[in-house]
Amino acid sequence: METRARYALIGLFMLAVILASFGFVYWLENKGGFGERETYRVQFESSVSGLLVGSAVLFNGIRVGDVTGVALNPDQPQQVIATISVVKNTPIREDTRVNVEQQGLTGGVAVTLTGGISTAPLAAEGGAPTLIAPPGVGQDWTQSARDAFQQVESILNENAKPLNEAIVNIEVFTDALARNSDKVDGILSGIERMTGGGKTKGVLYSLKPASDLPPPPEQTPDWQLVIPEPTTLLAFNTDKILTRPAPDESLPLEDARWSDSLPILAQAKLLETFENAGYAQSVTRTIGDFASNYQLSIDIRQFDVSTQGEAEARIVILAKLQDPDGQIIDSRKFETEAPAKGSDARAYVDALSTAFDKIELELLDWTTEKLGAAPRAVTVEPPAPLDDMPPAPDDMAPDGEMAPMPDQPTP
């Protein structure tokens, strides 16, 4: 009997330990541990999929309690009432915000609380204090995606006709581009050539000052000449070396360019021609370098190589010579041609240089001849001062009147 009583006491003791362990675990899970707890109600206006009893309650990311109950509101079935138990003194205020978040890809759902700025505690009306969750809280990402797709579908249905017309217009436009792709490429290439765009490539060429110059003048001339930058059409105001396959067509060389824009290059070489001819002290490119000056205005009308038939360089320049008052002394049109001895860029540049050499010599001779024959302003000497005037004759009175004649004897 004593042995059986001993075994009974041991069994009762083990049963008490097991019941105590279960009670401790139940208390730990439902009361939240060793601190005191406070109970709140959370009211959701929509479904909260995945929210279960035992789900975590987080406040600013820190776990402060658990969900102790989830139930429907019998008066309003669309509402879900969750009961949460949180650590006492958790700063839940009347403006605390409620949300439901997924804890990772495979984790459960947690009620998240975000602290507000109010200092007033949450008031309890007819029971536990209640937090109101905003509408839409608790929807998972799949439901949100379905709602978004439904909105997109609704927009597409409402605008089906305009979208269909836009697609048809795009097809018509792309078909037109496909049919005229070569023309579009030509237009873009033309714009690039006109604006001087694209990468600079190829060899750079330059013009030369005139050779076989006449002997320099023995004395410095009494005229001063300004040669400003020549004017020209937009097609020639570029560094491209132009060819003319047809009378109304212009085409630049692909792998050759002038070292500067054509007007600036022509001005520099023409000035150098005058300087080499002995007029370095009498010419300049800047208006205002001389107090009184003549001006040689140049307009480039043509400066290219005709490739229709035998290649030939052709230059046409209109020159006007003006006096210091702006009056035109004379004007002349200079035209010259030079055949090209090949069909490459080097041959074309040599032909243009030969033609420009002739133009430079003709301009030099014509300008110096006209300036040498141009009338000069007559210098008028100022009147001499009175102190330098010759003395009055003896028969003049001091005040300039005639002195009285002496008495003559009566015959």
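The values are calculated or read from the model by the stated rules, or taken from the named source; none is laboratory data. What you see is a predicted model; the values in this text were computed from it and never measured. All Cβ positions, glycine included, derive from the backbone under ideal geometry; neighbour counts span all protein chains shown.
A few points about this structure:
- Residues that are surrounded by fewer than 17 Cβ atoms within 10 Å (Cβ to Cβ) and farther than 18 Å from Asp255 by Cβ, drawn from the stretch 337-349: Glu337, Pro339, Lys341
- Test for Glu310: is it of a type in the set (Asp, Glu), out of contact with any His (no Cβ under 8 Å at 6 or more places or on another chain) and surrounded by 14 or more Cβ atoms within 10 Å (Cβ to Cβ): no
- Looking only at residues in the stretch 112-146 that are assigned to a helix (DSSP H, G or I) and closer than 18 Å to Glu101 by Cβ, the one that is modelled with the highest pLDDT is Ala145.
- Of Thr273, Thr200, Thr238, Thr220, all but one fail to be at pLDDT below 85 and either touching a Leu at 6+ places or on another chain (Cβ under 7 Å) or over 21 Å from Ala319 (Cα atoms) (or both); the exception is Thr200.
- Residues in the stretch 81-106 that are more than 57 Å from the chain's Cα centre (by Cα) and β-branched (Val, Ile, Thr): Ile81, Thr83, Ile84, Val86, Val87.
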